[in-house]
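**Q** Got a structure here, written out as structure tokens. Questions coming.
The values are calculated or read from the model by the stated rules, or taken from the named source; none is laboratory data. Keep in mind that this is a model prediction, so the values were computed, not measured. Note that we place each Cβ from the backbone using ideal geometry, even for glycine, and neighbour counts take in every protein chain shown. Accessible surface areas use protein heavy atoms only, side chains included; no ligands, DNA or RNA. Shrake-Rupley method; radii C 1.70, N 1.55, O 1.52, S 1.80 Å.
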Amino acid sequence: QVQLVESGGGLVQAGGSLRLSCVVPRRTFSINVAGWYRQAPGKEREWVASISSGGDTSYAESVKGRFAISRNNAKTASYLQMNSLKTEDTAVYYCYVGEGITYYWGQGTQVTVSS
């Protein structure tokens with residue numbers, strides 16, 4: 001079992017930026033995808049963004065043009081740069097990685113955007 005370690009959440013005003021980080025605490029030879037979900041109070045978990053092993057990125061329509069996902073070359077960390085934040089981006093953000101048919105998750109980091 002692998003527990004991903006997230007950081008970077010916090011409180012920010014609307015229009016501001018935050019950068020979330022997600023670290024995989026071991027060597028990652030076979031990770032094929034990394035990404036982020038979020039869950040707002042009273043809502044279902046929502047996929048936000050992902051990056052493939054080849055570097056292809058995908059985004060939910062709600063964040064396209066504002067968020068950017070990236071990873072380091074060793075694939076031991078992924079990042080979510082969030083710009084032009086809106087109050088509706090308030091949620092707990094969870095990172096994940098896919099290794100074969102197995103997915104590992106972070107514990108979640110709170111992002112709160114105030115108006």
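**Q** State to the nearest 20 debye the size of the charge dipole of the chain about its Cα centre, where the only charges are +1 on K and R beta carbons and -1 on D and E beta carbons. If you can, show how the numbers build up before the last one.
**A** Details: 11 positive and 8 negative charges, 49 e Å.
With Lys and Arg at +1 and Asp and Glu at -1, about 240 debye.
**Q** Which whole-percent values make up P(r) of region 40-109 when all C-alpha to C-alpha distances are grouped in 5 Å steps starting at zero?
**A** Histogram of Cα-Cα distances, whole percents per bin: 3, 14, 26, 28, 18, 9, 3, 0.
**Q** Where in region 1-88 are there GluC sites (Glu not before Pro) that are in a DSSP coil and have at most 14 other Cβ atoms within 10 angstrom of their Cβ?
**A** Those satisfying the criteria are E44, E61.
**Q** How much area per residue is accessible in the chain when the probe is 1.4 Å and only protein heavy atoms are counted (Å²)?
**A** Details: 6040 Å² over 115 residues.
The answer is 52 Å² per residue.
**Q** Leaving out ligands, DNA and RNA, and with a 1.4 Å probe, what % of the accessible surface on the chain is carbon or sulfur?
**A** The computed percentage sits at 49.
**Q** Same structure again: Could you name the lysines whose alpha carbon sits less than 19 Å from that of K86, not counting residues in the same chain fewer than 8 places away?
**A** Those lysines meeting the cut-off are K43, K64.
**Q** If you don't mind, another one. Given C-alpha coordinates of region 1-72, what is the ratio Rg to Rh with the Kirkwood estimate of Rh? Let's see the in-between values first.
**A** Values: Rg = 13.4 Å, Rh = 13.9 Å.
Result: Rg/Rh = 0.97.
**Q** Let me ask another. Taking Cα centroids, how far is region 1-56 from region 58-107 in Å?
**A** 3
**Q** Now a separate question. Specify the residue with the greatest mean-square fluctuation among L11, L85, L20, computed from a Gaussian network of the chain linking alpha-carbon atoms under 10 Å apart.
**A** So, out of L11, L85, L20, the one fluctuating most is L11.
**Q** Give, as a single signed number, the net charge of other residues whose beta carbon lies under 15 Å from the beta carbon of K64, with Lys and Arg counted +1 and Asp and Glu -1.
**A** Computed value for this residue: -2.
**Q** Also, I was wondering about something else. In region 1-79, which chymotrypsin sites (Phe, Trp or Tyr not before Pro) fall in coil by DSSP and have 12 or fewer other Cβ atoms within 10 Å? Walk me through the numbers on the way to the answer.
**A** Details: sites: F29, W36, Y37, W47, Y59, F67, Y79; in loops: F29.
For chymotrypsin sites (Phe, Trp or Tyr not before Pro) across region 1-79 that sit outside H, G, I, E and B with at most 12 neighbouring Cβ atoms in 10 Å, the list reads F29.
**Q** Which FRET efficiency value, to the nearest 0.05, is calculated for R26 and E46 with the Förster distance at 30 angstrom and r the Cβ-Cβ distance?
**A** 0.60
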